[in-house]
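Computed from the coordinates by the stated procedures, all read-outs in this text should not be read as laboratory data. Just so it is clear, the model here is predicted, and its values are computed rather than measured. Quick reminder, even Gly has a Cβ in these numbers, built from the backbone with ideal geometry, and neighbours come from all protein chains shown.
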Amino acid sequence: MSLFRFSDTESNIITDVTQIEGYNTYIMGFYTTYAPRKVVSDAIGGPMDSLESWTNMTKAERQSIRKKYHAAGISLTFTTFGSLDDKNDWTMSNFNATAFGKELAEFVIAYDLDGVDLDWEDLDYADAHPVEASAMLATVTHSIRANLPHPYLVSHSVQAKWFKIGSIYSNVTTSVPTLADSAIDFYTDMFYWSPGSYDTCNSLLHQSVGRYSGSSLGEAAAGGVVAASKLLVGLPQAYADGDCKMSDRIGTALGTCLQGANYGGVAVWKYMPQYPDYIGNLRRAAGF
């Protein structure tokens, strides 16, 4: 089971470990190539939100928190890019994917973290330049893994539609041999903002409908793009954050749906302290 925590404000600090029992990964955000809270002339990127709060702690404070997380069986990672990072024009001439991967790996080591997640969401660029987008993501991933060997975690958060055969993640995972098998530990399949396509257990896991037909979790796995064991069901806790009826704030709807399902787990965006029983309810309902 995995938890995604993409913080909304700079002041958010890492959640106390006692509040997130039941998860095994906690992901802070964001590390951007372009920092949207800065003016354009000063858009240098780097850590923001909860990740910036993490960097502002002393090394002793970070190591103390990390020790507590590890004792509870929870890894601490962070995500990069994010939906706001599409403000970058993404011309390959001004983005060095190999250097950025190395930068991320060095950041992980310097700031006492357990890995990095790639949450690239520039939909316009991906639609217009699918080959270049695939190559960029593959290059960043290989650069990270070359500088950040196992057991450090490397994961991807992916728009569900991109797992369809012929879409950019089909190319990412097949264009470079062993990328999906060895470099990436797990994928969060994000079923967000697609009303009607994944509102039932059947459409989420077996056969999606509507605008995003053909991109359910089961169809992604059956297509051979990614092994089922590496796919996480990515849903918000609350309907308002992702427009999916499986997001009931309680956890039982998704948990019941996942009974007997042979996938890698669940990724939750975002951590919401007002629903402290969510993951426990989900795990009990699913039998995890």
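Within 11 Å, Cβ to Cβ, of Pro236, how many net charges do the neighbouring residues add up to if Lys/Arg are +1 and Asp/Glu are -1? That sum, taken over residues with Cβ under 11 Å, equals -1.
How far, in nm, would the chain grow between Ala128 and Val209 when pulled straight, counting 0.36 nm per residue and subtracting the alpha carbon separation? Spell out each step's value before the answer.
On the way: separation 81, 0.36 × 81 = 29.16 nm, distance 2.41 nm.
Between Ala128 and Val209, full extension yields 26.8 nm more.
For the charge dipole of the chain, defined by +1 on Lys and Arg C-beta atoms and -1 on Asp and Glu C-beta atoms about the Cα centroid, which residue among Ser213, Thr32, Cys257 has the Cα displaced farthest towards the positive pole? Highest projection toward the positive end goes to Cys257. When shorter helices are ignored and each DSSP H run of at least 4 residues is given -39500 (n - 2.57), the per-residue value for the chain at 222 nm works out to -9000 deg cm²/dmol. Here the gap between Ala240 and Gln259, fully extended at 0.36 nm per residue and compared with their Cα-Cα distance, gives a gain of 4.4 nm. Kindly point out, ordered by number, any Cys in the chain whose beta-carbon has no other cysteine beta-carbon under 4.7 Å away. Here Cys244 come out as lacking a disulfide-compatible partner, given the Cβ-Cβ threshold of under 4.7 Å.
Working from label points 7 Å from Cα in the Cα-to-Cβ sense, the Glu106 to Ser64 distance is 2.9 nm.
Run through the DSSP bridge list for the chain and note the antiparallel percent, rounded to the nearest 5. Around 10 percent antiparallel, to the nearest 5. Placing +1 on the Cβ of every Lys and Arg and -1 on the Cβ of every Asp and Glu, with no other charges, gives the chain a dipole of roughly 660 debye about its Cα centre.
With a Förster radius of 25 Å applied to the beta-carbon distance between His150 and Thr98, the computed FRET efficiency rounds to 0.80.
Note on the chain: Lys pairs 8 or more places apart or on different chains, Cα atoms under 28 Å apart, count 29. Relative contact order of region 2-286, taken over Cα pairs closer than 8 Å and 6 or more residues apart, is 16 percent.
Membrane-span-like helices of the chain, defined as complete DSSP H segments with a Cα extent of 15 Å or more along the helix axis and a mean Kyte hydropathy of at least 0.0, are identified as 97-110, 130-147.
Peptide packing: for 183-194, 228-239, 55-66, the average count of neighbouring Cβ atoms within 10 Å per residue gives the ranking 183-194, 228-239, 55-66, highest mean first.
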